[in-house]
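Novice: Can you keep this structure in mind? I'll have questions shortly.
The values are calculated or read from the model by the stated rules, or taken from the named source; none is laboratory data. Because the structure is predicted, anything quoted here is derived from the model rather than measured. A quick note on method: Cβ atoms are made from the backbone with ideal geometry, for glycine too, and the neighbour counts reach across all protein chains shown. What goes into the accessible areas is simple: the full protein's heavy atoms, side chains included, and nothing from ligands, DNA or RNA. Shrake-Rupley method; radii C 1.70, N 1.55, O 1.52, S 1.80 Å.
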Amino acid sequence: MEDFLSKNPQVVVTFLIGVFTLVITIWFSTNNLKITHQKMEKELFSEFNKRYDVFNDSLNLLDSITTLEQLTETDSLIEKKTMHHLLIDYFNLCAEQYYWHREKRISAEIWKSWHSGMMYYYNKYPVVRELWANEIKDDGYKSYYLKVGKNFFKEN
């Protein structure tokens, strides 16, 4: 083998160039994956925060709502949307945030912040808990990307 390598140095050079190229390729691929992940996380973060901002002022109306009936009768601050519909949209936003966190596209730090906000409304307003219970009963949980026994309104 040594005799072959000493008579054919181009094999050694080709092998070393191949290994070097492989290392560089792996390094660039890893960095590109990291950058792509960060870009997606930023886009999700921006989109979800923008959507939450639309709900934010209307969610303050929950202070005066104690029943599901009042929820369906109270208009949100968003044109042509009752508080019932707004809360369903809010649940959908929470579900998307949960889904992307579960898929590891949202960091634990961002999820912790969002989850804390979700738990604020869930814990403070019984009508939110009541509507949520109605939404996930039977197979309703499936429309929120949940598996049996999972609930994004549980404490971490």
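Novice: May I ask you to list pairs of residues, at least six apart or on different chains, whose Cβ atoms are under 6 Å apart, with the first in segment 94-120 being under 18 Å from residue 145 (Cα atoms) and open to solvent by 40 Å² or more (accessible area, probe 1.4 Å) and the second being of a type in the set (A, V, I, L, M) and in a helix (DSSP H, G or I)?
Specialist: From segment 94-120, the pairs are 100/44; 105/40.
Novice: Only one of 87, 77 is in contact with a Ser or Thr (Cβ under 8 Å, 6 or more places away or on another chain) and surrounded by 14 or more Cβ atoms within 10 Å (Cβ to Cβ). Can you tell me which?
Specialist: Numbers: 87 fails: in contact with a Ser or Thr (Cβ under 8 Å, 6 or more places away or on another chain).
Of 87, 77, the one residue that is in contact with a Ser or Thr (Cβ under 8 Å, 6 or more places away or on another chain) and surrounded by 14 or more Cβ atoms within 10 Å (Cβ to Cβ) is 77.
Novice: Then there's this: Check segment 37-46 and report whether any residue there is modelled with pLDDT under 95, on the phi > 0 side of the Ramachandran plot, exposed (fewer than 15 other Cβ atoms within 10 Å of the Cβ) and of a type outside the set (Gly, Ala, Ser).
Specialist: Looking for residues that are modelled with pLDDT under 95, on the phi > 0 side of the Ramachandran plot, exposed (fewer than 15 other Cβ atoms within 10 Å of the Cβ) and of a type outside the set (Gly, Ala, Ser), one finds none in segment 37-46, hence no.
Novice: Now a separate question. With the condition being of a type in the set (Lys, Arg), farther than 14 Å from residue 52 by Cα and modelled with pLDDT of 95 or more, I'd like the helices (runs of 4 or more DSSP H) fully within segment 76-147 carrying at least 1 qualifying residues.
Specialist: 108-124, 126-136
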